[in-house]
1. Checking the a/c ratio against 1.5 first, then a/b against b/c, what shape does the Cα gyration tensor give for the chain?
2. If a/c stays under 1.5 just call it rounded; otherwise compare a/b with b/c (prolate if a/b is bigger, oblate if not). Do that for segment 30-124, with a ≥ b ≥ c from the square roots of the Cα gyration tensor eigenvalues.
3. Assign one of three labels to segment 16-55, namely rounded, prolate or oblate, based on the Cα gyration tensor with a ≥ b ≥ c the square roots of its eigenvalues; rounded applies when a/c is under 1.5, prolate when it is not and a/b is larger than b/c, and oblate otherwise.
4. Just 71, 36, 26 to compare: in a GNM of the chain, with alpha carbon springs under 10 Å, which one fluctuates most?
5. With angles folded into 0 to 90 degrees, how steeply does helix 128-140 sit against the dominant principal axis of the chain? Use alpha carbons for both and round to 10.
6. Tell me the accessible surface of residue 43 in square angstrom (1.4 angstrom probe, heavy atoms of protein chains only), to the nearest ten.
7. Compare 20, 146, 27 by solvent-accessible area with a 1.4 Å probe and give them largest first, with all protein chains kept in place.
8. Per DSSP H run of n ≥ 4, the term is -39500 (n - 2.57); total these for the chain, divide by its residue number, and report the mean residue ellipticity at 222 nm rounded to 500 deg cm²/dmol.
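The values are calculated or read from the model by the stated rules, or taken from the named source; none is laboratory data. A quick note: this is a predicted structure, and the numbers were derived from the prediction, not measured. Only protein heavy atoms, including side chains, enter the accessible area calculation; ligands, DNA and RNA are left aside. Shrake-Rupley method; radii C 1.70, N 1.55, O 1.52, S 1.80 Å.
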Amino acid sequence: MAPCRTAWWPRAWATCVFPTPPGIGKTHLAIGLGVKAAHAGYSVLFDTASNWIFRLAEAHHSGRLEAELKKMIRRYKLIIIDEVGYIPFDQHAANLFFQLIASRYEQGSLMVTSNLPFGRWGEAFSDDVVAAAMIDRLVHHAEVLTLTGDSYRTRQRRELLGKDNAARRR
């Protein structure tokens with residue numbers, strides 16, 4: 001994770017991708033690294049994949065998609081896309097998302113979190129070819145970090161249940 005932790009990485013159009021199961025801390029880590037980049041003076045834009053699709057679809061329908069993508073390339077050194085794969089996209093949404101990834105390729109830094117391994121992105125984007133093209137661009141200059149461990153949510157619940165059971169036995 002060294003490139004993603006250094007202050008220089010947003011200006012080097014690097015990419016950090018976290019294809020990790022739910023509850024491990026991807027979003028928390030992405031927010032923390034985004035804050036660190038902002039403190040280092042880089043402009044950062046964070047949103048969920050679903051909200052990115054909404055924003056891009058709105059721009060597309062009003063005829064300003066290309067201008068919106070160019071604006072994001074110029075204005076933001078780091079774009080963080082959270083929760084890729086949580087909600088499947090139809091073909092149109094997948095194509096819009098691909099345009100976002102393609103526009104950032106070698107132009108600006110990206111950070112992407114996903115609950116799916118790359119092999120299942122075709123399911124999320126309704127198209128294996130579009131998913132493969134996105135993955136190809138994402139991993140070219142990427143630090144791919146798969147975090148492991150138990151979900152902190154289920155771990156907290158198990159600990160709570162364990163305390164309840166121990167109290168009842170007394």
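1. Verdict is prolate for the chain.
2. On the way: a/c = 2.01, a/b = 1.16, b/c = 1.73.
Oblate, since a/c reaches 1.5 and b/c is not below a/b.
3. Numbers: a/c = 2.65, a/b = 1.17, b/c = 2.26.
Cα axes put segment 16-55 in the oblate bin.
4. Comparing 71, 36, 26 in a Gaussian network model of the chain, the most mobile one is 71.
5. So the helix axis and the longest Cα principal axis differ by about 90 degrees.
6. Around 40 Å² of this residue is reachable by solvent.
7. 146, 27, 20
8. Numbers: 8 runs with 91 residues, N = 170.
The helix-only estimate for the chain comes to -16500 deg cm²/dmol at 222 nm.
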